[in-house]
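The values are calculated or read from the model by the stated rules, or taken from the named source; none is laboratory data. Everything quoted here is computed from the prediction, not taken from an experiment. When we count neighbours, we look across all protein chains shown, and the Cβ atoms used for this are built from the backbone with ideal geometry, even at glycine. Remember, those area values only see protein heavy atoms, side chains included, never the ligands or the DNA or RNA. Shrake-Rupley method; radii C 1.70, N 1.55, O 1.52, S 1.80 Å.
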Amino acid sequence: MNKLTIKEVSKSYDCKNVLKDISFTVNEYETVAILGPNGCGKTTLFNIIAGLDSPDSGTILIDDINITNTQGNVSYMPQNDLLLPYKTIIQNVSLPLILNGTSKRDAYSAVKKYFNIFLERGTENKYPHELSGGMKQRAAFLRTYMYSKDILILDEPFSALDQITKNTMYSWFLDIINTFKKTTVFITHNIEEAILLADTIYIFSSKTHGIINNINTPKDKKRDFLFSLEFINYKKEITDMLGLS
């Protein structure tokens, strides 16, 4: 079942193409990676999906309903965690509920049940500066999840983390996605990250401002998939598509 449909979306700034006739679909509970270099329009597309920017042409549909130019239809996690430094972690992740009219008491109660899954016990009353980079990203992810939309769109969710922390976060991310069954689309520059985390990868080009190809990866990836010949072949195929080999 198609959950999200991007149909012939184009966008330009100052007469320069940023996106040109972008079309693809995301199935319910699928995880999709948008992979490409800087300047290929990835974040612009996300802003259009979230209703923060308007396409020059084309439509965005969720469950076959046109939501182009409307906000509040997806849970959007920007590249930076944007945690408020003067609020505790529980106050930060409860914000979507409170802004929706839930009382602080009920919001905190609703959020607490997820702390052992998304974060660690005892982090509720800490401030952002007291957490590691990985933990802050988990908090940002929980805040995005609490927005309670069926579709998560994540703008380079792991780019600010060191490689060791990234590897830990990848396993955690896969567990979260499999547990909570969310349709997820994320941006990345990292080929390995796309292969490890996504069911489908759409490869964008900064030259054509469009999709040059897409690749489907195995649904059930084993723990040692990163070290398999299959993984290496995927990496080589994508590297060739991007003209990096």
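Some notes on this structure:
- Accessible area per residue in Å² at 1.4 Å probe, computed on the chain: 50
- Largest GNM mean-square fluctuation among Leu229, Leu119, Leu82, using the chain with Cα springs under 10 Å: Leu229.
- In a fully extended conformation the segment linking Ser12 and Phe24 would gain 2.4 nm over its present Cα-Cα distance, using 0.36 nm per residue.
- Relative to the longest principal axis of the Cα atoms of the chain, the long axis of helix 229-241 makes an angle of roughly 60 degrees.
- Protection proxy ranking of 134-140, 200-206, by the mean of other Cβ atoms within 10 Å over each peptide's residues and highest first, is 134-140, 200-206.
- Spatial offset of the range 16-33 relative to the range 214-244 amounts to 20 Å, using the alpha carbon center of each.
- C-alpha long axis of helix 89-99 to longest principal axis of the chain, angle in °: 80
- Short-range pairs are left out: with C-alpha atoms under 8 Å and at least six residues apart, the relative contact order of the chain is 25 percent.
- Per-residue ellipticity at 222 nm computed for the chain from its helices equals -11000 deg cm²/dmol, with DSSP H segments shorter than 4 residues left out and the rest contributing -39,500 (n - 2.57).
- Over 26 Å [Cα-Cα, the range 93-245], rounded percent: 34
- Here the range 184-245 has 52 percent of its accessible surface on carbon and sulfur atoms, given a 1.4 Å probe and all protein chains in place.
- Mean separation of Cα contacts under 8 Å (6+ apart) over length of the range 1-40, as relative contact order %: 41
- Cα gyration tensor shape of the range 122-198, rounded if a/c is under 1.5, else prolate or oblate by comparing a/b with b/c: oblate
- Chain lengthening between Asp56 and Asn2 when straightened (0.36 nm per residue, less Cα-Cα): 17.1 nm
- For the range 59-133: relative contact order, % (alpha-carbon pairs under 8 angstrom, 6 or more apart): 31
- Separation in nanometres of the label points that stand 7 Å from Cα toward Cβ, at Thr179 and Lys207: 4.4
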